[in-house]
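Engineer: One structure coming up, written as structure tokens, with questions to follow.
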Amino acid sequence: MRSISILGSTGSIGCNTLKVVEHLGDIRVVAMAAGRNIKLFAEQVESFRPELVAVADEQAVEELRGLLTNASPEILHGEDGLIAVATHEKACTLVSATVGAVGFVPTLRAIEAGKRVALANKETLVMAGELMTKAATASGAEILPVDSEHNAIHQCLRGEKHAEVKRLILTASGGPFRTKSKIEIENATLEEALNHPNWKMGDKITIDSATLMNKGLEVIEAHWLFGFGADQIDVIVHPQSIVHSMVEMIDGSLIAQLGVTDMKHAIQYAITYPDRKPNVLDALDLTTLSRLDFEPPDLDKFPCLALAYRALRTGGTMPAVLNAANEVAVRSFLDNKIAFGDIATIVSDICDAHLVVPADSLSSVLNADAWARERAIIKVSESAAAA
Ligand code: MG
């Protein structure tokens with residue numbers, strides 16, 4: 001029986017991972033961690049009976065203890081707790097599904113320990129792709145993408161030679177504002193921004209999908225996962241989200257992966273790879289699709305995508321700064337402190353002000369991340385004061 005650990009079990013990917021585990025039937029969850037939703041976490045712990053769990057802080061430890069009646073796992077908290085879950089000696093695979101930078105060090109430790117990492121947390125690769133890919137090469141750890149586009153590309157590249165790939169083509173749904181004007185987008189409300197047309201996801205990624213920063217982060221993620229430069233990674237808008245991504249070969253062949261829009265597919269692929277297993281999803285019925293559309297992204301309406309390409313080309317600590325500034329700006333938008341259009345402005349200003357250094361050590365990455373967060377918080381209060 002295969003054993004796994006999960007970071008972020010109460011989030012969208014975490015809950016879907018547990019459904020996949022239930023379906024597969026031969027996977028044991030030995031360790032799991034969650035953030036704020038202790039009530040749901042307690043239910044998960046009672047059903048899956050992990051040996052070790054971790055929560056955010058001591059208060060959450062007490063809360064969880066109070067809710068558990070049929071399970072008595074070891075309970076840790078804070079970053080040490082996340083690291084203990086991520087590197088649990090019995091787990092061969094870590095599903096890394098926390099949101100944002102909080103999962104970075106624990107995920108890196110799992111890679112250093114040689115675990116397979118089913119990676120849903122793209123922010124960690126954006127921040128520190130160089131460190132993570134070097135650590136994976138050194139330990140032999142595999143990083144299997146759970147992000148649907150990268151999971152699709154992973155499938156398209158099976159058996160292909162790197163030198164015979166012309167470019168990767170990431171598809172983007174275009175989010176809720178694809179057909180809106182620039183002014184409408186800049187002044188969009190929270191409710192409009194959270195209304196994603198195709199995917200049901202957490203708040204942070206849903207806002208990132210509305211700004212297209214999500215696609216920008218995915219371009220950087222693809223660079224680190226597959227080893228292609230910015231000039232070989234393109235984005236194409238595909239509103240139906242049926243083609244999850246494509247690869248163009250040097251002979252002009254396009255290889256695409258199509259499927260229903262349900263993250264359980266990618267999660268199961270990453271856990272069972274290189275094997276495939278039947279899953280619980282409906283098959284994709286092509287005869288019910290009236291059409292598949294494709295169009296180029298509009299970088300003027302969605303400046304975050306251009307900012308991400310620029311950060312990838314600049315390299316060093318710039319992607320970490322882009323990511324941190326974006327996390328703060330998105331949180332502030334979700335808290336109604338800034339306008340939707342301020343997200344791109346804040347990220348752009350902070351990237352402009354950053355003095356890039358190589359991102360070849362944990363301290364340089366964490367310093368850049370902290371610098372950008374501090375600066376973004378100041379920018380948010382300036383924007384809020386001006387509004
Ligand atoms: Mg994606």
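Engineer: Here is a check on your reading of the model: is ALA152 crowded, with 19+ Cβ neighbours inside 10 Å, small (Gly, Ala, Ser) and not in a helix (DSSP H, G or I)? Give the steps one after another, and end with the answer.
Structural biologist: Working: crowded, with 19+ Cβ neighbours inside 10 Å: yes; small (Gly, Ala, Ser): yes; not in a helix (DSSP H, G or I): no.
For ALA152, the condition - crowded, with 19+ Cβ neighbours inside 10 Å, small (Gly, Ala, Ser) and not in a helix (DSSP H, G or I) - is not met.
Engineer: Still on this structure, I have one more. I'd like to check something: does the stretch 76-92 contain any residue that is among the polar types (S, T, N, Q) and under 28 Å from SER245 (Cα atoms)?
Structural biologist: no
Engineer: A follow-up question, please. Looking at (1) more than 16 Å from the ligand (Cβ to nearest atom); (2) touching a strand residue (DSSP E or B) at 6+ places or on another chain (Cβ under 6 Å); (3) hydroxyl-bearing (Ser, Thr, Tyr), which is the only condition SER148 fails?
Structural biologist: (1)
Engineer: Take the stretch 64-102 and flag every residue that is outside any loop (DSSP other than H, G, I, E, B), within 16 Å of the ligand (Cβ to nearest atom) and at pLDDT below 95.
Structural biologist: Hit for the stretch 64-102 is GLY100, nothing else.
Engineer: Can you spot a residue in the stretch 55-66 that is in contact with a helix residue (DSSP H, G or I) (Cβ under 7 Å, 6 or more places away or on another chain), free of Cβ contacts under 8 Å to residues at least 60 places away in the same chain and either acidic (Asp, Glu) or surrounded by fewer than 17 Cβ atoms within 10 Å (Cβ to Cβ) (or both)?
Structural biologist: yes
Engineer: Across the stretch 180-206, what is the total count of residues that are at pLDDT 95 or above and either on the phi > 0 side of the Ramachandran plot or within 16 Å of the ligand (Cβ to nearest atom) (or both)?
Structural biologist: The number of residues fulfilling the criteria is 0.
Engineer: Would you mind telling me which numbered condition in (1) in contact (Cβ under 8 Å) with a residue 12 or more places away in the chain; (2) out of contact with any Leu (no Cβ under 7 Å at 6 or more places or on another chain) ASP203 fails?
Structural biologist: So the condition that ASP203 fails would be (2).
Engineer: Suppose we keep only residues that are assigned to a helix (DSSP H, G or I) and either in contact with a Ser or Thr (Cβ under 6 Å, 6 or more places away or on another chain) or among the polar types (S, T, N, Q) (or both) within the stretch 118-149. Which one would you say is surrounded by the fewest Cβ atoms within 10 Å (Cβ to Cβ)?
Structural biologist: Once the filter is applied, the top-ranked residue is THR137.
Engineer: Further question: Scan the stretch 155-184 residue by residue and report those that are out of contact with any strand residue (DSSP E or B) (no Cβ under 6 Å at 6 or more places or on another chain) and assigned to a helix (DSSP H, G or I).
Structural biologist: HIS162, ALA163, LYS182, ILE183, GLU184
Matching residues to (1) over 22 Å from the mean Cα position of the chain (by Cα); (2) within 21 Å of SER12 (Cα to Cα):
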residue	(1), (2)
LEU67	yes, no
ASN70	yes, no
ALA118	no, yes
ALA138	yes, no
GLU142	no, no
GLN155	no, no
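Engineer: If you go through the stretch 260-276 one residue at a time, how many are in contact with a helix residue (DSSP H, G or I) (Cβ under 9 Å, 6 or more places away or on another chain) and modelled with pLDDT under 95?
Structural biologist: Of the residues in the stretch 260-276, 3 are in contact with a helix residue (DSSP H, G or I) (Cβ under 9 Å, 6 or more places away or on another chain) and modelled with pLDDT under 95.
Engineer: Residue check, THR124 against (1) within 14 Å of GLY8 (Cβ to Cβ); (2) more than 16 Å from the ligand (Cβ to nearest atom); (3) without any contact (Cβ under 8 Å) to a residue 60 or more places away in the chain, all met but one. Which one?
Structural biologist: (2)
Engineer: Residues to consider are PHE48, PHE41; find the one that is out of contact with any His (no Cβ under 7 Å at 6 or more places or on another chain), assigned by TED's automatic domain parsing to the domain that holds LEU94, surrounded by fewer than 24 Cβ atoms within 10 Å (Cβ to Cβ) and not β-branched (Val, Ile, Thr).
Structural biologist: Of the residues listed, the single one that is out of contact with any His (no Cβ under 7 Å at 6 or more places or on another chain), assigned by TED's automatic domain parsing to the domain that holds LEU94, surrounded by fewer than 24 Cβ atoms within 10 Å (Cβ to Cβ) and not β-branched (Val, Ile, Thr) is PHE48.
Engineer: Under the condition of being in a helix (DSSP H, G or I) and away from the ligand (no atom under 14 Å from the Cβ), which residue from the stretch 212-245 is surrounded by the fewest Cβ atoms within 10 Å (Cβ to Cβ)?
Structural biologist: Applying the filter and picking the extreme gives ASP231.
Engineer: Do any residues in the stretch 134-149 that are without any contact (Cβ under 8 Å) to a residue 60 or more places away in the chain and closer than 11 Å to ALA120 by Cα have Cβ atoms under 8 Å from those of residues that are more than 9 Å from the ligand (Cβ to nearest atom) and part of a loop (DSSP other than H, G, I, E, B), where the two are at least six apart or on different chains, and which pairs are they?
Structural biologist: Listed pairs, sorted by first residue: none to list.
Engineer: Right, another one. Output the residues belonging to the stretch 196-211 that are in a helix (DSSP H, G or I) and charged (D, E, K, R). Break it down stepwise before answering.
Structural biologist: Keep residues of the stretch 196-211 that are in a helix (DSSP H, G or I), which gives 203-211.
Those that are in a helix (DSSP H, G or I) and charged (D, E, K, R): ASP203, LYS204, ASP208.
The values are calculated or read from the model by the stated rules, or taken from the named source; none is laboratory data. Source: prediction; values computed, not measured. Neighbour counts are summed over all protein chains in view; Cβ atoms, including those assigned to glycine, are modelled from backbone coordinates with ideal geometry.
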